[in-house]
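What follows is a short report on a single structure.
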Amino acid sequence: MKNKFSVLAIALMGFIYGFYILNNSLHKKPEKVIVWDVISYYSYLPATFIEKDYKLQKWKNKEPWKSRYWPEYIPATENFVIKTSMGVAFMYYPFFQTAHLLSPLLGYENDGFTAPYSTALIISSILYALMGMFFLRKVLLYSYNDIITSITLLIIGLSTNLFWYTTKEAPMSHSYSFALFCIFIFLTDRWYQKPNYTRSVFLGLTLGLIILIRPTNIIIVLYFLLYGIIKSKDFKNRFITYLSNYKQIILISICILLVWIPQLLYWKSVTNQFFFYSYSDNESFFFANPKIINVLFGFRKGWLLYTPSMIFSLIGIFLLKNTKYFWAILSFTLVNIYIISSWWCWWYGGGFGMRPFIESYALLAIPLAAYLNWIVAQKKVYKIMLIIATSIIVAQSTFHIIQYHYKTIHYESMTRKAYFDSFWRINKSENFETYLDYPNYSAAKQNKR
């Protein structure tokens, strides 16, 4: 089998994901799966296909709807609107329907909130993540050998917070967006090789779904626009490419709109507006005051502090200079950091590390592979030193996952003292809780962060 090690790497990831799920009996605990943000992502499905009540009129009167749905009330229409867009629900849908058919056969009530449904959501997260890895593998093998590709995939899948959001908090949006990002970068390369109608359709549908899951991820378009741009003269050639393939560009745009039509119709039905901002007025971006240092290095949730293996991806971006990837990945990464850092709740509530970066690992896998490939090219002494240093940091990144499992890392209140008190420890010390600093959400909404 050609390039078998990278296939085995993905198979190993699938085994570890499954083992973790089964060992923690997560598939048997719907109350541990359909929680927090997942409630909003998932609401569309039981409300529409089981309750026949997508406006959530039952919610305001009786249980169990009050504990199962978290909608926002619209006084003008006296309806309730689901806070998040329906992109993740699209990804859930085939698994939800499978669970709905199997539940009565397995002796469960098919109300959307029993064990078969939570199991289906967990399976969907794992399968989408692994599917993304297969597409990412194809992208990496364009430029790197099988060993480099295998190590890159294992680092992304097992030493970053992608692991956590594919297993313990599986139905959160991140593994789904990661998979779509992987598919998108694969399709981008194929489209520029041969921009035909079929590739345009898949590219447009994928991009539409990416945006529908998390609208700020529209910046992935930067990757498409700048992919293959190396010198200034390439912009002229790119413009000519778009002009000569204008029908395909129009088709991509139509496919994006097609994905969004159900969302627009839903908003129109419950709010009388085709476009509706479903978050509260005091939940917004503060673009003039981004918390970049806190987001990247802060002890509360710093991305590179709790997922340090991604430091090598950032180094690797500059090793891609004069390649088709450099400007595309650099521009996306800089804009992505800025947008993430500008959200009022820059630590993004409870969770492991800076979770909004997870989908970008699809792009950042490419410079990570470039970094690993660069190590191989060094002289023996430097190579050994770099391998040791890299391995220690990747091991620390992986160990952070173990620490979070054992609650040695707090979900939102870490401080410098708490971090070093837990440094390379699995179990919490007696003083750990005293070192925590709980965030002030009210102040954050007023940009007093």
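Any read-out appearing in this document is the output of simple, stated calculations on the displayed coordinates, not a laboratory observation. Since the structure is predicted, the reported quantities are computational estimates derived from the model, not experimental observations. Positions of Cβ are backbone-derived with ideal geometry, glycine not excepted, and every protein chain shown enters the neighbour counts.
Quick one: Cα centre-to-centre distance for the range 222-258 and the range 158-190, in angstrom?
Value for the Cα centre distance between the two parts: 25 Å.
Enumerate the lysines that Lys247 could reach by cross-link, defined here as Cα to Cα under 17 Å, with residues fewer than 8 away along the same chain left out.
Lys194
Per residue of the chain, what 222 nm ellipticity follows from adding -39500 (n - 2.57) for every DSSP H run with n ≥ 4, rounded to the nearest 500?
-18500 deg cm²/dmol
Taking each full run of DSSP H in the chain as one helix, which ones are at least 30 Å long along their axis (Cα atoms) and have mean Kyte-Doolittle hydropathy of at least 0.5?
On the way: long enough: 115-141 (39 Å, 1.45); 246-271 (36 Å, 1.30); 380-405 (38 Å, 0.97).
Answer set is 115-141, 246-271, 380-405.
Treat the count of other C-beta atoms within 10 Å as a stand-in for reagent exposure and order Thr152, Thr119 from fewest to most.
Listing Thr152, Thr119 from fewest to most nearby Cβ atoms yields Thr119, Thr152.
Let me check against my output: what whole-number percent is the relative contact order of the chain, with C-alpha pairs under 8 Å and at least 6 apart? Present the calculation step by step, with values, prior to reporting the outcome.
On the way: 637 pairs, mean separation 73.3, N = 449.
Contact order relative to length: 16 percent.
Relative contact order, percent, of the range 278-363 when contacts are C-alpha pairs under 8 Å separated by at least 6 residues?
40 percent
Considering only C-alpha atoms, what is the centroid distance from the range 274-299 to the range 427-449, in Å?
Taking the Cα centre of each part, the range 274-299 and the range 427-449 sit 18 Å apart.
Less than 12 Å Cβ to Cβ from Leu140, Lys/Arg counted +1 and Asp/Glu -1: what total charge do the surrounding residues give?
Around Leu140, the charge tally is 0.
Rounded, prolate or oblate, given the Cα gyration tensor of the range 305-449, with a/c below 1.5 counting as rounded?
It comes out oblate by the Cα gyration axes.
Do the alpha carbons of any pairs in Lys32/Lys268; Lys83/Lys445; Lys32/Lys52; Lys28/Lys168 sit beyond 21 Å of each other, and which pairs?
Those over the limit are Lys32/Lys268; Lys32/Lys52.
Note the listed values (1) 77, 60, 42; (2) 71, 66, 51; (3) 73, 56, 39, then indicate which one is Cα extents along the principal axes in Å calculated from this particular structure.
Structure-derived value, by its label: (2).
Which of Glu433, Glu51 has the fewest other C-beta atoms within 10 Å, and how do the rest follow up to the most?
Sorted ascending by nearby Cβ count, the order is Glu433, Glu51.
Calculate one ³J(HN,Hα) per residue across the range 50-60 by plugging θ = phi - 60° into the Karplus curve 6.51 cos²θ - 1.76 cosθ + 1.60, and present them in order as whole Hz with x for glycine and proline.
10, 7, 6, 9, 5, 8, 6, 5, 5, 4, 7
Between Ile220, Ile340, Ile315, where does the largest GNM mean-square fluctuation fall for the chain, given springs only between Cα atoms within less than 10 Å?
Of the options given, Ile315 has the highest mean-square fluctuation.
Apply the a/c threshold of 1.5 to the C-alpha gyration tensor of the range 236-289 and tell me whether it is rounded, prolate or oblate. Before the final figure, lay out each step's value.
Working: a/c = 5.56, a/b = 1.59, b/c = 3.51.
Verdict is oblate for the range 236-289.
Which of the chymotrypsin sites (Phe, Trp or Tyr not before Pro) found in the range 65-160 are in a DSSP loop and have at most 14 neighbouring Cβ atoms, other than their own, within 10 Å?
Working: sites: Trp65, Tyr69, Tyr73, Phe80, Phe90, Tyr92, Phe95, Phe96, Tyr108, Phe113, Tyr117, Tyr128, Phe134, Phe135, Tyr142, Tyr144; in loops: Tyr69, Tyr108, Phe113, Tyr142, Tyr144.
The qualifying sites are Tyr142.
What do you get for trypsin sites (Lys or Arg not before Pro) in the range 197-292 restricted to DSSP loop and a cutoff of at most 15 other Cβ within 10 Å of the site's Cβ? Please report the intermediate quantities before stating the final value.
Working: sites: Arg199, Lys231, Lys233, Lys236, Arg238, Lys247, Lys268, Lys291; in loops: Lys231, Lys291.
Passing both the DSSP loop test and the Cβ count: Lys231.
When the expected Rg is taken as 2.2 N^0.38 Å, what fraction or multiple of it is the alpha-carbon Rg of the range 5-50?
1.60
Let me have the relative contact order for the range 349-444, percent, based on Cα pairs under 8 Å that are six or more residues apart. Could you put the intermediate results ahead of the total?
Numbers: 57 pairs, mean separation 23.7, N = 96.
Reported relative contact order: 25 percent.
Please report the net charge: other residues with Cβ closer than 14 Å to the Cβ of Val7, K and R +1, D and E -1.
Values: positive: Lys2, Lys4, Arg137, Lys138; negative: Asp146.
Computed value for this residue: +3.
Once you have a ≥ b ≥ c as the square roots of the Cα gyration tensor eigenvalues for the range 20-162, tell me rounded if a/c is under 1.5, and otherwise prolate or oblate according to whether a/b is larger than b/c.
The shape class here is prolate.
How about Lys417: which aspartates and glutamates have a C-alpha closer than 14 Å to its C-alpha, ignoring those fewer than 8 places off in the same chain?
List returned: Glu430, Glu433, Asp437.
Could you list Glu109, Glu169, Glu430, Glu412 so that the one with the fewest beta carbons within 10 Å of its beta carbon is first and the one with the most is last?
Values: Glu109 10, Glu169 24, Glu430 7, Glu412 17.
Ascending number of Cβ neighbours within 10 Å: Glu430, Glu109, Glu412, Glu169.
Identify all aspartates and glutamates with a Cα-Cα distance to Lys2 below 15 Å; exclude those on the same chain that are fewer than 8 residues away in sequence.
The qualifying aspartates and glutamates are Asp146.
For the chain, modelled as a GNM with alpha-carbon contacts under 10 angstrom, which of Ser175, Ser244, Ser309 fluctuates the most?
Residue with maximal mean-square fluctuation among Ser175, Ser244, Ser309: Ser244.
Please report the spacing between the Cα centers of the range 1-55 and the range 343-415 in Å, no decimals.
One Cα centre to the other: 23 Å.
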